[in-house]
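Working notes for the structure below.
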Amino acid sequence: MSDLARLLIDSIQNFDVQKTSQLLSDAASPNLKISGKSALYWACITENIEAVKLLIQHGAAIDLINFDDSDENIGTALLMACYIGNKPIVEFLLSSGANPNSKDQVGQTPIMASAKGGHLEIVRDLVVAGARVDSKDINGMTALHWACTGGDFEDICTYLVSKGLNVYEQNNNGETAKDYCKLLKRSRTLLCLWNE
C-alpha cells in the first residue's frame with residue numbers, strides 16, 4: 001500500500017474534504033485501493049457523499065470491483081451504498097452512470113442488498129435506473145427472497161411482486177420467499193405474499 005493511498009483513504013474517512021480535494025488535484029489516483037477496496041468504496045462505507053462526488057469528478061471508475069481480505073469480489077461502491085441504505089449516495093452514483101445490475105462474488109445485486117436492508121425508496125430508484133428485479137444470485141435467491149430474510153418488509157415485497165417477481169419462485173434449494181417468511185416468522189410479509 002502506498003503512502004498516497006493511505007493519505008487519501010484517511011482524508012475520506014476523516015471527512016476532510018479539503019485534504020481529499022488537494023490529494024486528488026496533486027496526482028492521487030481516484031482509483032487507489034487499500035485492502036482491495038477503492039477510495040470510492042471507502043467513501044461509501046463511511047457515507048461521505050462529498051468524497052464520493054470529488055472522486056467521481058476526478059475520474060474514479062464508478063463500477064470498479066472491490067475485494068475483501070480473502071480476495072473475494074465484494075462488489076461495487078453502489079452495492080455498498082445500497083447495503084448501507086444511503087439514498088443520496090445511491091442517487092448520485094446512479095446519476096453518474098453506476099450499473100444498477102452489478103454483482104458481487106455470490107451474484108448479489110444492488111436491488112437485493114437494498115431489499116434485504118429494508119430500503120424501499122432505494123429499491124424503487126434502482127428499478128427506475130434499470131435494475132432487473134428478476135436477477136438471481138448463485139443460490140437462486142431473488143430480491144424477494146432477500147427482502148424476506150432481512151425483515152418483515154411487506155412494502156418491499158408488495159412492490160417487487162408488482163414489478164413481476166413471482167412469490168412461488170424457488171431458489172436452488174426449492175425454497176420460496178414464502179418459505180423464508182414462515183421460517184423467520186415474518187407474519188406481516190407472509191400475509192402480504194399469501195394474498196398474491
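The values are calculated or read from the model by the stated rules, or taken from the named source; none is laboratory data. If you're wondering where the values come from, they're calculated on a predicted model, not measured in any experiment. Cβ coordinates were reconstructed from backbone atoms using ideal geometry, including for glycine residues, and neighbour counts include every protein chain displayed.
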Exercise for the section: State whether one or more residues within segment 112-121 are aliphatic (A, V, I, L, M), under 25 Å from residue 53 (Cα atoms) and surrounded by fewer than 24 Cβ atoms within 10 Å (Cβ to Cβ). Expected result: yes
Exercise for the section: Please indicate, with yes or no, whether at least one residue in segment 177-195 is out of contact with any His (no Cβ under 7 Å at 6 or more places or on another chain), surrounded by fewer than 18 Cβ atoms within 10 Å (Cβ to Cβ) and at pLDDT 90 or above. Expected result: no
Exercise for the section: Looking only at segment 80-94, decide whether some residue is farther than 19 Å from residue 20 by Cβ and more than 13 Å from the chain's Cα centre (by Cα). Expected result: no
Exercise for the section: Specify the residue that is farthest from the chain's Cα centre (by Cα); the eligible residues are those in segment 152-164 that are modelled with pLDDT of 85 or more and not in a helix (DSSP H, G or I). Expected result: 164
Exercise for the section: Kindly establish whether residue 38 is of a type in the set (Ser, Thr, Tyr), more than 25 Å from residue 145 (Cα to Cα) and surrounded by fewer than 21 Cβ atoms within 10 Å (Cβ to Cβ). Expected result: no
Handout entry: Pairs where the first residue, in segment 1-22, is among the charged types (D, E, K, R) and the second is at pLDDT below 90 and surrounded by 15 or more Cβ atoms within 10 Å (Cβ to Cβ), C-beta under 7 Å, 6+ apart
Key = 6/34
Practice task
State yes or no: is residue 167 under 17 Å from residue 108 (Cα atoms) and surrounded by 15 or more Cβ atoms within 10 Å (Cβ to Cβ)?
Solution key: no
Fill in the blank from the handout: When (1) at pLDDT below 95; (2) farther than 23 Å from residue 168 by Cα; (3) surrounded by fewer than 19 Cβ atoms within 10 Å (Cβ to Cβ); (4) among the small types (Gly, Ala, Ser) are applied to residue 77, the one that fails is (3)
Practice task
Please work out if residue 91 is part of a loop (DSSP other than H, G, I, E, B), of a type in the set (D, E, K, R) and at pLDDT 95 or above.
Solution key: no
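Okay, residues lined up against (1) of a type outside the set (Ser, Thr, Tyr); (2) within 23 Å of residue 99 (Cβ to Cβ):
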{"residue": "13", "(1), (2)": "yes, no"}
{"residue": "17", "(1), (2)": "yes, no"}
{"residue": "32", "(1), (2)": "yes, yes"}
{"residue": "36", "(1), (2)": "yes, yes"}
{"residue": "46", "(1), (2)": "no, yes"}
{"residue": "52", "(1), (2)": "yes, yes"}
{"residue": "59", "(1), (2)": "yes, yes"}
{"residue": "75", "(1), (2)": "yes, yes"}
